[in-house]
Amino acid sequence: MRSHPYQALITTLTLALFAIVLYCNSLQADDQCPLMGWEDETLPFYLKQDSPFPTSDTKNDTKITPAPDCIFHQWAWEGFVWATALGSNGIPRFMDLSTPEDLLSRTGNKGTRQLKLAARSLSVSGTPGFAEGAGAIVEADGNILVAPNGYPVYASVHMNKSYFDTAKKNLIVNGGYTSQPRDSYFDLGAAVFKATWLRLDPEQKPPLGAYTTQARVPILTVWRTMNNFAVVPSGQYATATVALVGLHVVGYTENHPEFLWATFEHHLNSPRTLDNSFGTTTSNPKNYTFYGSNTPYAQVNQPNPPQPGQTYIPPQLTFDLQTQRFSPANNVVLENKTGGENFSTNEPTNISNVNMSGQRFLTGLKSPQSVFANYDLIGTVWLEANTYVGTSSVVLNVGASNAIGSVNLANSTAETFQQYPTNGSSTNVQNCFMCHNPTTLGTGTNPAPRRISVSHVLEEGSS
């Protein structure tokens, strides 16, 4: 039987086409972000009520030099979907987890309960009137973010069982920090979440598309001495509606015991400037939740009371005991849209693509689960694989300058006043590892630095 005169050519072209397809598929694993099928196959798994917290996205990153940033940002979205998956009670999963308050309770997590927001006092630790709970009306640097309605932005902290069990054994207040072995540490899969909340007036509409819930908010009082005063929690609470405006997703994944640190924000929180482009000579014409239109950028992200060297001096901060409101409000801008992502020139685009994919997935779900499509991943920061191990002096000196990925990562509602606009030098950056590192708790009466000092909940109950 004679073959078709073009059969050999057809065969050659077919094989060539097949080779091209294989080549494109091989490129997909390294170059496509997010990976094909991630949105439709991976994300739905983490909505299931029995799904474990994601840990495996980074299991192969030691075989890729350098590891692509996309796998870390995909993990961040998986963690966000896991945390915000609504249970049969209609509550996001992270809100059913243990809180720092449970660390001091004999019974631990009592199950579903109304969100309770803590309040740190606006006074210095060790002075009369100082009181503190995990999560706060002040941020990590001790400054307060005042919303346009005069209420402070609150925070809450939530831990999965693995994280909680280890933290409880290593608490400073009960002696665990000093009695546990020096390298006592968290296990793979440990996770902690920090949420920021905007308190609403009774008739106030929340930011468009924001998740809202009822919460117990602390009633504040004023402690006075002859020369000083402080705003402190009174021990009483009021019930109010609060809107979720930010969420840190922090988890121990394969090859990354330092935890991956990611942050999400509601998309209407504030203007966002491209990485390394923030300047004080401009403004934005739009209104945002925490920014008034046309406010000069020279007046944003400025703490009140002002700090030494602060160029813009706002009006004196006041507090009205009757209304529980502060004045004036802060204006906020996110200075690095993707946290100063500098791993490669393509990384801000990768974050954008992962956001679009994750939000498209959530938008396709029924309400109220779909409401979480209104939140954006700002970025993720991590360390080189398998470096945060052991007790060597190298490990115990890890800090912000060792960070990879979004090296200037900040959330506009949680690190408002600690943002750094450029990442030109590895030693001139600010990120999660600046405060979460082995030396955080290794001072005073505590022993030498320990890896587990990355967790600040170990200070619960201490003063």
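The values are calculated or read from the model by the stated rules, or taken from the named source; none is laboratory data. Quick caveat, the model's predicted, so the values are computed rather than measured. Cβ: placed from backbone, ideal geometry, glycine included. Neighbour counts: every protein chain shown.
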Report yes if Gly358 is assigned to a helix (DSSP H, G or I), buried (at least 24 other Cβ atoms within 10 Å of the Cβ) and touching a Phe, Trp or Tyr at 6+ places or on another chain (Cβ under 6 Å), otherwise no.
yes
All-but-one check, Val222 against (1) within 22 Å of the chain's Cα centre (by Cα); (2) at pLDDT below 95, failing number (1)
Residues of region 170-225 being hydroxyl-bearing (Ser, Thr, Tyr), farther than 18 Å from Val371 by Cα and not in a loop (DSSP other than H, G, I, E, B), in sequence order, are Tyr177, Thr178, Ser179, Thr221
Flagged in region 405-437 as under 18 Å from Trp382 (Cβ atoms), at pLDDT 85 or above and among the small types (Gly, Ala, Ser), in numbering order, are Gly405, Ser406, Ala410
Flagged in region 285-328 as β-branched (Val, Ile, Thr), surrounded by fewer than 15 Cβ atoms within 10 Å (Cβ to Cβ) and closer than 21 Å to Arg199 by Cβ, in numbering order, are Thr318, Thr323
Thr440: passes all of (1) modelled with pLDDT of 85 or more; (2) more than 20 Å from Leu145 (Cβ to Cβ); (3) of a type in the set (Ser, Thr, Tyr) but (1)
Condition set free of Cβ contacts under 8 Å to residues at least 40 places away in the same chain and not small (Gly, Ala, Ser), scope region 37-48, selection nearest to Pro257 (Cα to Cα): answer is Tyr46
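Is it the case that some residue within region 278-292 is assigned to a strand (DSSP E or B), under 30 Å from Ile71 (Cβ atoms) and of a type outside the set (Val, Ile, Thr)?
no
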**Message:** Would you confirm, using the coordinates I've provided, whether Thr282 is touching a helix residue (DSSP H, G or I) at 6+ places or on another chain (Cβ under 9 Å), surrounded by fewer than 21 Cβ atoms within 10 Å (Cβ to Cβ) and without any contact (Cβ under 8 Å) to a residue 40 or more places away in the chain?
**Reply:** yes
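Regarding Asp57, is this residue of a type in the set (D, E, K, R), assigned to a helix (DSSP H, G or I) and in contact (Cβ under 8 Å) with a residue 40 or more places away in the chain?
Criteria not met by Asp57.
Pull up region 361-386, narrow it to residues that are under 22 Å from Thr62 (Cα atoms) and surrounded by fewer than 18 Cβ atoms within 10 Å (Cβ to Cβ), then point me to the one that is farthest from the chain's Cα centre (by Cα). Outline the logic, then answer.
The first filter runs over region 361-386 and keeps only residues under 22 Å from Thr62 (Cα atoms), leaving 379-386.
Still in the list and also surrounded by fewer than 18 Cβ atoms within 10 Å (Cβ to Cβ): 384, 386.
Numbers: Glu384: 20, Asn386: 22 Å.
That would be Asn386.
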Flagged in region 334-351 as buried (at least 24 other Cβ atoms within 10 Å of the Cβ) and in a loop (DSSP other than H, G, I, E, B), in numbering order, are Glu335, Asn336, Thr338, Gly339, Gly340
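Count, please, the residues in region 31-47 that happen to be crowded, with 17+ Cβ neighbours inside 10 Å and either on the phi > 0 side of the Ramachandran plot or not in a helix (DSSP H, G or I) (or both).
Pass one, region 31-47, residues crowded, with 17+ Cβ neighbours inside 10 Å: 33-35, 38-39, 42-43, 46-47.
So of that shortlist, the ones also either on the phi > 0 side of the Ramachandran plot or not in a helix (DSSP H, G or I) (or both) come out as 33-35.
Result for region 31-47: 3.
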Note on region 373-402: residues modelled with pLDDT under 90, in a loop (DSSP other than H, G, I, E, B) and touching a helix residue (DSSP H, G or I) at 6+ places or on another chain (Cβ under 7 Å) are Val398, Gly399
Per the filter on region 137-191, residues closer than 26 Å to Thr212 by Cβ, out of contact with any Leu (no Cβ under 9 Å at 6 or more places or on another chain) and of a type in the set (A, V, I, L, M) are Ala140, Leu145, Val157
Note to self: Would you confirm, using the coordinates I've provided, whether Tyr237 is among the hydroxyl-bearing types (Ser, Thr, Tyr) and touching a Leu at 6+ places or on another chain (Cβ under 6 Å)?
What the structure shows: no
**Message:** Would you confirm whether or not region 317-333 contains a residue that is farther than 20 Å from Asp201 by Cβ, at pLDDT 95 or above, assigned to a loop (DSSP other than H, G, I, E, B) and not small (Gly, Ala, Ser)?
**Reply:** yes
- Condition test on Pro328, is it in contact with a strand residue (DSSP E or B) (Cβ under 9 Å, 6 or more places away or on another chain) and more than 30 Å from Ile404 (Cβ to Cβ)? yes
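A quick yes/no check of all residues on (1) crowded, with 20+ Cβ neighbours inside 10 Å; (2) in contact with a strand residue (DSSP E or B) (Cβ under 8 Å, 6 or more places away or on another chain); (3) within 23 Å of Thr112 (Cα to Cα):
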| site | (1), (2), (3) |
| --- | --- |
| Ser156 | yes, yes, yes |
| Leu208 | no, no, no |
| Trp223 | no, yes, no |
| Tyr252 | yes, yes, no |
Given the criteria among the charged types (D, E, K, R), more than 25 Å from Ala298 (Cα to Cα) and within 21 Å of the chain's Cα centre (by Cα), does Glu415 qualify?
no
Subset of region 361-372, residues free of Cβ contacts under 8 Å to residues at least 24 places away in the same chain and assigned to a helix (DSSP H, G or I), comes to Thr363, Ser370
Apart from one, (1) of a type outside the set (S, T, N, Q); (2) in contact with a Lys or Arg (Cβ under 7 Å, 6 or more places away or on another chain); (3) closer than 30 Å to Ser406 by Cα all hold for Tyr237; the odd one out is (3)
Filtering region 60-90 for residues that are under 27 Å from Leu244 (Cβ atoms) and in a helix (DSSP H, G or I) leaves a count of 15
